[in-house]
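The values are calculated or read from the model by the stated rules, or taken from the named source; none is laboratory data. None of these values were measured; they are calculated from a predicted model. Cβ atoms come from the backbone with ideal geometry, glycine included; neighbour counts cover every protein chain shown.
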Amino acid sequence: MMTHALVFTDLDGTLLDHHSYSFAPAKPALAQLHERHIPVILNSSKTIAEIEAIAGELSLDTAIIAENGSIIQPPSHAAPVILGKDYDFICQTLDELKQAHDYLFAGFHDWTDQEISDITGLPLESAARAAKRQASEPLIWKDTKEALERFTAQLNEKGLTLKRGGRFWHVMGDTDKVKAMQYLINEYQTTHQIKPTVIALGDGPNDQEMISAADIGIVILNPDGTPLAISEQSAKAEGRRIIRTKEPGPLGWNTAIMMLLQE
């Protein structure tokens, strides 16, 4: 099962501790995956600049999926693949809609690195990396619910979508974590002439579709979050498998992956 496998993982609250951002408890499983040449692919809402810094700490040289599936950075610093819409187009569209309809919202391109740091709580250096966006724009909506509905429809007319995150709304093209994951699965299948076993790990609602699309979906316990509504019985009927960890963050990540490797 694990001879030809791909591991796709969320970061915050999954591979990284939700509070300390440490991945230390997952080191044994990461080492085993590296030893067996099983790629670990980071799939996050963060920017490429943010994820590359984390990938360096993890000693990973695999592809990166960033900005909720909007962009893929192949290994070896090859040109990124944008699956959604270009950032300049997104920002221009937002500015035009705000000016035409007097909507009340602000996004990352409206703020300095210091303001992003103040709003997110990120250190200034991390805020600067978060600002290096290429295919999506987080924003804070300050207008009415009715205005939001009109705004969403107008974005859709431009080929853009609006997704709700934990703190921000995210404006992006018509893509997601699953489509980006499938892009890399297809590449692997073309290169190796074999269908890989796909393993996906996550802890939040924006990971639910990615987990459900995998051969083996691993739901990492999130003590502060809403349990993900994924049916183990439906997955089993479709030949897939759902594992729910009893431990949060990288500890649960390590336990689940080590269990699969031992099987």
Practice problem: Could you please find all residues in region 167-190 being surrounded by fewer than 17 Cβ atoms within 10 Å (Cβ to Cβ) and under 23 Å from Lys98 (Cα atoms)? | Solution: Arg167, Asp174
Self-check item: Residues of region 53-63 satisfying the condition of being under 15 Å from the mean Cα position of the chain (by Cα) and either under 21 Å from Val171 (Cβ atoms) or of a type in the set (Asp, Glu) (or both)
Solution: none
Exercise. Among the residues of region 34-46, count how many are within 14 Å of the chain's Cα centre (by Cα) and either part of a loop (DSSP other than H, G, I, E, B) or under 24 Å from Gly239 (Cβ atoms) (or both).
Key: 6
Practice problem: Considering only region 69-93, state which residues are in the same structural domain as Asp12 (by TED's automatic domain parsing), out of contact with any strand residue (DSSP E or B) (no Cβ under 6 Å at 6 or more places or on another chain) and of a type in the set (S, T, N, Q). | Solution: Ser76
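Taking region 1-15 on its own, how many of its residues are part of a strand (DSSP E or B) and modelled with pLDDT under 95?
Of the residues in that region, 1 qualify.
Quick test for you: out of Ile140, Ile71, pick the one residue that is of a type in the set (A, V, I, L, M, F, W, C), surrounded by 14 or more Cβ atoms within 10 Å (Cβ to Cβ), in contact (Cβ under 8 Å) with a residue 24 or more places away in the chain and more than 21 Å from Glu52 (Cβ to Cβ). Outline the logic, then answer.
On the way: Ile71 fails: more than 21 Å from Glu52 (Cβ to Cβ).
Checking each option against the conditions leaves just Ile140.
Per-residue answers, yes or no, for (1) among the β-branched types (Val, Ile, Thr); (2) under 15 Å from the mean Cα position of the chain (by Cα):
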residue: Asp17; (1), (2): no, no
residue: Ser22; (1), (2): no, no
residue: Ala26; (1), (2): no, no
residue: Ile48; (1), (2): yes, yes
residue: Ile72; (1), (2): yes, yes
residue: Leu83; (1), (2): no, yes
Exercise. Specify the residue that is modelled with the highest pLDDT; the eligible residues are those in region 18-33 that are more than 25 Å from Asp176 (Cβ to Cβ) and not in a helix (DSSP H, G or I).
Key: Ser22
Quiz item: Name the pairs whose Cβ atoms lie under 9 Å apart, with the first residue in region 40-54 and without any contact (Cβ under 8 Å) to a residue 40 or more places away in the chain and closer than 23 Å to Gln182 by Cβ, the second crowded, with 23+ Cβ neighbours inside 10 Å and of a type in the set (Lys, Arg), and 6 or more positions between them or separate chains?
Solution: Ser44/Lys177
Quiz item: Which ones in region 175-187 are modelled with pLDDT of 95 or more and touching a strand residue (DSSP E or B) at 6+ places or on another chain (Cβ under 7 Å)?
Solution: Ala180, Met181, Tyr183, Leu184, Ile185
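Return yes or no: is Gly204 in the same structural domain as Pro39 (by TED's automatic domain parsing), under 17 Å from His18 (Cα atoms) and surrounded by 15 or more Cβ atoms within 10 Å (Cβ to Cβ)? Break it down stepwise before answering.
Numbers: in the same structural domain as Pro39 (by TED's automatic domain parsing): yes; under 17 Å from His18 (Cα atoms): yes; surrounded by 15 or more Cβ atoms within 10 Å (Cβ to Cβ): yes.
When the stated conditions are applied, Gly204 passes them.
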Practice problem: May I ask you to list the residues in region 74-107 that are crowded, with 20+ Cβ neighbours inside 10 Å and among the small types (Gly, Ala, Ser)? | Solution: Gly84, Gly107
Exercise. Find all pairs meeting these conditions: Cβ atoms under 9 angstrom apart; at least six residues apart or on different chains; first residue within region 224-237 and within 16 Å of Met210 (Cβ to Cβ); second residue part of a loop (DSSP other than H, G, I, E, B) and among the small types (Gly, Ala, Ser).
Key: Gly225/Gly13; Gly225/Gly204; Leu228/Gly204
